[in-house]
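*Asks:* Pasting a structure here, questions to come.
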Amino acid sequence: MVEPPHYLVEENLSRAWARAFLAVMERGVEEISPLCVAVEGLDEGRPPEELIIRGALDVALAEHGEFSCRTVANTIFPTGLWIPNLGRERLFERYARILPMLKKADTRNRNGTYFQRLTSFGPEGKNQLEHVISTYARGNRRRSALQAGLFDPSEDHTNQPLRGFPCLQYVSFAPFDNTKLRVTGVYSTQYLFEKAYGNYLGLYDLGRFMAHELGLELAQLNCIASVAKRGGLPKKSLRGLAAELEALLSESGESAAIPGAVA
């Protein structure tokens, strides 16, 4: 058995996810704890992806009745609603208007969505993203001020054996080198098949928005999972996807034989 990796570094979001997924598909591996994934060398355009990898995953997700990568990403940041030259207030207003429809359309949103908690947290409806942006604009560089929490003990400390939301616990925004930004998302549990790629994509979209509003350049995405699991499906049902990913990584120069090797 290949020892599962705990820290993966990539310059491509698709390959980062594929390596993490293949690691948890190894014989004898059921979970990785913790799993830290870093995607470096980002820019302000599209995230560095190999769309053939995302496409293979989306096909497998659809076959098993799961949401696409983009749908998962939109729970963290609704990129289709953001028009940069109209200002962030318009984004917040547009999302608030559609939120009741999102909750009604899918019962999995009954406890809220990630972007809702980022922009309307707790009984007072605190917009945490607005706070980070405005306090930074006033010259506040305290790191603990540049983060947003999603876990709410008053709502989420329940006795349910399976709650499902929120797996994402908090997001931090860390400026560095005066012009650049790192975004880090921390998960209590992350499902590598169903959610992780969409999580990475959503954190990238959120980071790109925050970098724009902070006047910085998004340079690095980090995702830390206290526990990373394959997901709810048995390994045998995902072996076809794993074989396809191994071939794609091999073609692009990755070592498919050692999916846990750190770059």
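*Asks:* Starting from region 206-227, keep only residues that are β-branched (Val, Ile, Thr), then list their pairs with residues that are surrounded by fewer than 20 Cβ atoms within 10 Å (Cβ to Cβ) whose Cβ atoms are within a distance under 6 Å, requiring at least 6 positions of separation or different chains.
*Replies:* Ile224/Cys36; Val227/Glu31; Val227/Ser33; Val227/Thr189
*Asks:* Next question, about the same structure. Scan region 55-76 for residues that are within 13 Å of Tyr197 (Cα to Cα), among the acidic types (Asp, Glu) and assigned to a helix (DSSP H, G or I) and jot them down.
*Replies:* Asp58
*Asks:* Something else now. Loosely packed, with under 15 Cβ neighbours inside 10 Å, β-branched (Val, Ile, Thr) and at pLDDT 95 or above, is that true of Val39?
*Replies:* no
*Asks:* Here is a check on your reading of the model: is Phe151 in contact with a Pro (Cβ under 7 Å, 6 or more places away or on another chain), surrounded by fewer than 17 Cβ atoms within 10 Å (Cβ to Cβ) and either of a type outside the set (Gly, Ala, Ser) or not in a helix (DSSP H, G or I) (or both)? Let's see the steps before the verdict.
*Replies:* Working: in contact with a Pro (Cβ under 7 Å, 6 or more places away or on another chain): yes; surrounded by fewer than 17 Cβ atoms within 10 Å (Cβ to Cβ): yes; either of a type outside the set (Gly, Ala, Ser) or not in a helix (DSSP H, G or I) (or both): yes.
For Phe151, the condition - in contact with a Pro (Cβ under 7 Å, 6 or more places away or on another chain), surrounded by fewer than 17 Cβ atoms within 10 Å (Cβ to Cβ) and either of a type outside the set (Gly, Ala, Ser) or not in a helix (DSSP H, G or I) (or both) - is met.
*Asks:* What are the residue pairs meeting all of these: first residue in region 116-133, first residue in contact (Cβ under 8 Å) with a residue 40 or more places away in the chain and crowded, with 18+ Cβ neighbours inside 10 Å, second residue among the aliphatic types (A, V, I, L, M) and part of a loop (DSSP other than H, G, I, E, B), Cβ atoms under 8 Å, and 6 or more apart or on different chains?
*Replies:* Taking only residues 6 or more apart or on different chains, the pairs are Arg117/Leu150; Leu118/Leu150; Val132/Leu146.
The values are calculated or read from the model by the stated rules, or taken from the named source; none is laboratory data. Treat the numbers as computed from the prediction; the structure is a model and nothing was measured. So basically every Cβ, Gly included, is an ideal-geometry build from the backbone, and we count neighbours across all protein chains shown.
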